[in-house]
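Undergrad: I have a structure I would like to understand better, so I am pasting it below and will then ask my questions one at a time.
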Amino acid sequence: MTPDNVGYLAWMGMKLMALVGLGIYIVFAFVIVRQEQLMSKVLEAQSEKILSVLSWIHLGVSVVVFFLALLIL
Amino acid sequence: MPVLFEAPPTKKQSSKKGKPPVKIVSTVKLNTTPLTAYLMHPNDIRFETQDPDEEVILFMRQHIIVLIPKLIIGIIVFFAPLILFPILIRFLQSPVEIPGGYVIVGTVFWYLATFGFFLSMFMQWYFNIFIVTNHRIIDIDFLFFLYKKFGEAKIEKIQDISFRTGGITATVFNYGDVIIQTAGELPNLIFEKVPRPSEVVHILSDLTEDHKETGDV
């Protein structure tokens, strides 16, 4: 096994770990969205729309970062 | 015709211990904003178990000042890649060069996680609410994701109301804990770090007194 192969495998391992980490983060972002939806039923206020939009943006960006990592790493 | 006799104010109108009476019945209704921590007669607030004839008298969250330490941590975390990371890279001098893709994804993820931290902290504050209605008092705690606590006590079950405040920030910004002791097996409710605790106690006292006199507000 050449040093180039070892380096390649090491970076592939890093990429895999990064993707797993980003995948877990997507789950966390989804939990935030879900929690916001559940709590909105408990408390109905006009200002909640902002929080809802922010939580969806957060989930969307985390999915984008996951695919960005999949493509460029 | 000159006024020869003016009737003294009635017991209801007169102030209690020199303080003006709290106006519980009001026609002025205001909308909440995302940063509202104290509002009487909110116009746009409804909660899950609200009865049709139930009116929200007071809506509270913890004082906005409790978010400041988290905001400071967030600002430090936000600026860390700009200041801390170049210094660390220069001192560590790793023989392995980090590919550009990792730098890009790492930086984007760092700011995303910082935003997520802010969002989750804010949601924890936002959904930690205290509501006083003409029938009951409600304490909704959003402790952490997927865990919420709903506590309530009927106005007639309230036995004792007190508040405690202490510390420099609590004194300067006028916030504290309101402790509501209830009758029987019901657990006591604590409104933690709410703005204007003395005013809250005053409102609750008036509500309980009115409830005892009339049976309802």
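Undergrad: Given +1 on the Cβ of Lys and Arg, -1 on the Cβ of Asp and Glu, and no further charges, what dipole in debye does the protein assembly as shown carry about its Cα centre, rounded to the nearest 20?
TA: Dipole magnitude for the protein assembly as shown comes out near 620 debye.
Undergrad: Okay, next question. Take the Cβ-Cβ distance between A:Ile72 and B:Ile87 as r, set R0 to 22 Å, and report the resulting FRET efficiency rounded to the nearest 0.05. Let's see the in-between values first.
TA: Values: r = 26 Å, r/R0 = 1.17.
According to the calculation, E is roughly 0.30.
Undergrad: For n ≥ 4 DSSP H runs only, could you compute -39500 (n - 2.57) per run for the protein assembly as shown, divide by its residues and tell me the 222 nm figure to the nearest 500?
TA: Counting only the DSSP helices, I get -17000 deg cm²/dmol.
Undergrad: Estimate for me the total accessible surface buried between chains A and B (protein heavy atoms, probe 1.4 Å, no ligands or nucleic acids), in Å² to the nearest 100.
TA: Chains A and B together bury roughly 3100 Å² of accessible area.
Undergrad: Follow-up question, since we're still on this one. Along Cα→Cβ, 7 Å out, is where each label goes; now give me the distance between the ones at B:Thr165 and A:Val20 in nm to one decimal.
TA: Each label point lies 7 Å from its Cα, and together they span 5.2 nm.
Undergrad: Taking N as the number of residues in the range B:85-178, what is its Cα Rg relative to 2.2 N^0.38 Å? Before the final figure, lay out each step's value.
TA: On the way: Rg = 23.3 Å, N = 94, 2.2 N^0.38 = 12.4 Å.
Dividing the Cα radius of gyration by 2.2 N^0.38 Å gives 1.88.
Undergrad: If one puts a single equal scatterer on every Cα of the protein assembly as shown and applies the Debye formula without solvent, what log₁₀ I(q)/I(0) results at q = 0.07 Å⁻¹?
TA: Here the Debye-derived log intensity ratios amount to -0.41.
Undergrad: How big, in percent, is the set of alpha carbon pairs in the range B:134-217 lying more than 20 Å apart?
TA: Looking at the range B:134-217, the distances longer than 20 Å represent 39 percent of pairs.
Undergrad: Shifting gears a bit: Between B:Asn188 and A:Ile50, what's the calculated FRET efficiency when r is the beta-carbon distance and R0 is 22 Å? Round to 0.05.
TA: Details: r = 34 Å, r/R0 = 1.54.
With a Förster radius of 22 Å, E is 0.05.
Undergrad: Can you pull the Kirkwood radius for chain A, inverse mean 1/r over Cα pairs, to one decimal in Å?
TA: 14.3
Undergrad: Helix A:48-72 sits at what angle to the longest principal axis of chain A, using alpha carbons and giving 0 to 90 degrees rounded to 10?
TA: 10
Undergrad: Same structure, new question: Sticking with the crude label model, points 7 Å out along Cα→Cβ, report the distance from A:Val27 to B:Glu97 in nm, one decimal please.
TA: Reported label-point gap for A:Val27 and B:Glu97 is 3.7 nm.
Undergrad: To test your reading of the geometry: what angle, between 0 and 90 degrees and rounded to tens, separates the Cα axis of helix A:3-42 from the longest principal axis of chain A?
TA: Helix A:3-42 sits roughly 10 degrees off the main axis of chain A.
Undergrad: Moving to a separate point now. Give B:Lys154/B:Lys212; B:Lys149/B:Lys193; A:Lys41/B:Lys157 a once-over and call out the pairs whose C-alpha atoms are over 22 Å from each other.
TA: A:Lys41/B:Lys157, as the Cα separations exceed 22 Å there.
The values are calculated or read from the model by the stated rules, or taken from the named source; none is laboratory data. Just so it is clear, the structure is predicted and the values come from calculations on it, not from any experiment. Quick reminder, even Gly has a Cβ in these numbers, built from the backbone with ideal geometry, and neighbours come from all protein chains shown. Just so you know, the surface numbers come from the protein's heavy atoms only, side chains and all, with ligands and any DNA or RNA stripped out. Shrake-Rupley method; radii C 1.70, N 1.55, O 1.52, S 1.80 Å.
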